[in-house]
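See below for the structure under consideration.
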Ligand code: GDP
């Protein structure tokens, strides 16, 4: 446990220079933005006449998330679906078409409002929740914050255009998250539509659809004419039944923030996806470093509701500040606890920012020491190279260096420069990005800074493999 000199001074409302001076008197030479350990910090605080109460993360956040449920408490819940695919293949059109046919018609006079997610009823009678922000970045950004918010990915491929780079990227993202894919072949109304080509193209990405004897469910649709939409919803429900999705509704709520904003009239508004429990009016919620008492819950039709069950998206009014998309939220027992957690996290945020500014702790070795998986330890990597041939050679060599205890796990490999999307994908799995004879785009470097993701560059395959080898041997014996 450590704290920067500045942060310690802030918490005591003392001047940082005075803290530095006191430290010097104790023989500890530190600059304002450097870290000191908890014992030293306590000594200094007491010297200055402050009472010290140490708060550890485990004290603050203990039991906040994922407390185990009693057996038998689980009941089934609707699937949460994200639509992904290449640009212009019809993601937005499909989301709109589904919403309009299923929501507006159903609710007499109902006006749908965009809150970041919505629910519809499938023709088979089950509810389905759609995340209304298409795009891989949002999906992966949420996952990166530890939020598993999607049960099923609908992969949209335009029948007139076929499989495109972002189609492949979407497949990689879904795979990395371990989320099943349903293929929606869109724009079948078009004259030059060639759905069969989409099916065969997908084989290259190891997606074999049902009509070709595989296991991936597929549907032909047209967001324009509405053809196939009912079928798509049925197939989603089918897939959900296979997944047997369950949650305990009978407990305090927790879930994920999908969108949050500061609304001029209504103050901070956060759309959350309830993932367990039932969220109720007057509940006290914490999300990220913000908290509040639920003043009002608003559903995707713009109506006020008294409560929200698992897999339901709902707007929360009553936060003191807007949390961030991807933050997890939880209901806590009282305001004091909510404030304690929010304060703690706010401090933590400041400290992390300060620490990032001074030391760049990173390194694959560091990362590996954090991976505590039982059994075979795996080093997750994203590999980009200048040409497909060298990428393949690298992947093959790296796969060979593993053994029973350690090995690499390649999340994504391909030819081309390192993109922001590559970095986000890597960050979500705490992977490093390897560039072979390629550089990272500026957005990618920014994303790497933001997420603390390491990018390593090489121009000799031997060096690359050697480096990864020595990293892995470091993984073998943490006690050494
Ligand atoms: P996104 O970038 O994946 O969200 O794609 P959009 O939903 O914005 O669609 C891109 C373009 O394709 C728009 O001009 C849509 O009107 C058109 N489009 C989408 N779905 C269909 C469809 O099923 N049939 C036809 N003919 N056009 C479509």
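The values are calculated or read from the model by the stated rules, or taken from the named source; none is laboratory data. Just so it is clear, the model here is predicted, and its values are computed rather than measured. Note: ideal-geometry Cβ built from the backbone for every residue, glycine included; neighbour counts use all protein chains shown.
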(request) From the list 223, 249, pick out the single residue that is out of contact with any helix residue (DSSP H, G or I) (no Cβ under 7 Å at 6 or more places or on another chain) and surrounded by 15 or more Cβ atoms within 10 Å (Cβ to Cβ). (result) 249
(request) Hey, could you check the stretch 154-171 for residues that are surrounded by fewer than 20 Cβ atoms within 10 Å (Cβ to Cβ) and away from the ligand (no atom under 11 Å from the Cβ) and say which is modelled with the lowest pLDDT? (result) 165
(message) Restricting to the stretch 312-326, count the residues that are touching a strand residue (DSSP E or B) at 6+ places or on another chain (Cβ under 6 Å) and surrounded by fewer than 22 Cβ atoms within 10 Å (Cβ to Cβ).
(response) 6
(request) Kindly establish whether residue 19 is modelled with pLDDT of 85 or more, more than 16 Å from the ligand (Cβ to nearest atom), in contact with a helix residue (DSSP H, G or I) (Cβ under 7 Å, 6 or more places away or on another chain) and in a helix (DSSP H, G or I). (result) yes
(message) Being under 16 Å from residue 172 (Cβ atoms) and either out of contact with any strand residue (DSSP E or B) (no Cβ under 7 Å at 6 or more places or on another chain) or free of Cβ contacts under 8 Å to residues at least 40 places away in the same chain (or both) is the filter here; which residues of the stretch 424-443 pass it?
(response) 424, 427, 428
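Do we have residue 400 as within 14 Å of residue 464 (Cα to Cα) and surrounded by fewer than 21 Cβ atoms within 10 Å (Cβ to Cβ) here?
On the way: within 14 Å of residue 464 (Cα to Cα): yes; surrounded by fewer than 21 Cβ atoms within 10 Å (Cβ to Cβ): yes.
For residue 400, the condition - within 14 Å of residue 464 (Cα to Cα) and surrounded by fewer than 21 Cβ atoms within 10 Å (Cβ to Cβ) - is met.
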(request) Count, please, the residues in the stretch 184-203 that happen to be touching a helix residue (DSSP H, G or I) at 6+ places or on another chain (Cβ under 7 Å) and within 16 Å of the ligand (Cβ to nearest atom). (result) 4
(message) Let me spell it out: the conditions are (1) surrounded by 15 or more Cβ atoms within 10 Å (Cβ to Cβ); (2) more than 25 Å from residue 85 (Cα to Cα); (3) in contact with a helix residue (DSSP H, G or I) (Cβ under 8 Å, 6 or more places away or on another chain), and residue 395 meets all of them except one. Which number is the exception?
(response) (3)
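Would you tally the residues in the stretch 201-220 being in a helix (DSSP H, G or I) and either touching a strand residue (DSSP E or B) at 6+ places or on another chain (Cβ under 7 Å) or surrounded by 14 or more Cβ atoms within 10 Å (Cβ to Cβ) (or both)?
Taking the stretch 201-220 as the starting set, the residues that turn out to be in a helix (DSSP H, G or I) are 201-203, 210-212.
Filter once more, so that each one left must be either touching a strand residue (DSSP E or B) at 6+ places or on another chain (Cβ under 7 Å) or surrounded by 14 or more Cβ atoms within 10 Å (Cβ to Cβ) (or both): 201-202, 210-212.
Count: 5.
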(request) Please enumerate the residues belonging to the stretch 93-116 that are modelled with pLDDT under 90, under 24 Å from the mean Cα position of the chain (by Cα) and either within 15 Å of the ligand (Cβ to nearest atom) or outside any loop (DSSP other than H, G, I, E, B) (or both). (result) 114
(request) Would you mention how many residues in the stretch 195-231 are within 21 Å of residue 168 (Cα to Cα) and touching a residue at least 60 places away in the same chain (Cβ under 8 Å)? (result) 2
(request) Evaluate the following for residue 304: is it over 29 Å from residue 30 (Cα atoms), surrounded by fewer than 14 Cβ atoms within 10 Å (Cβ to Cβ) and modelled with pLDDT of 80 or more? (result) yes
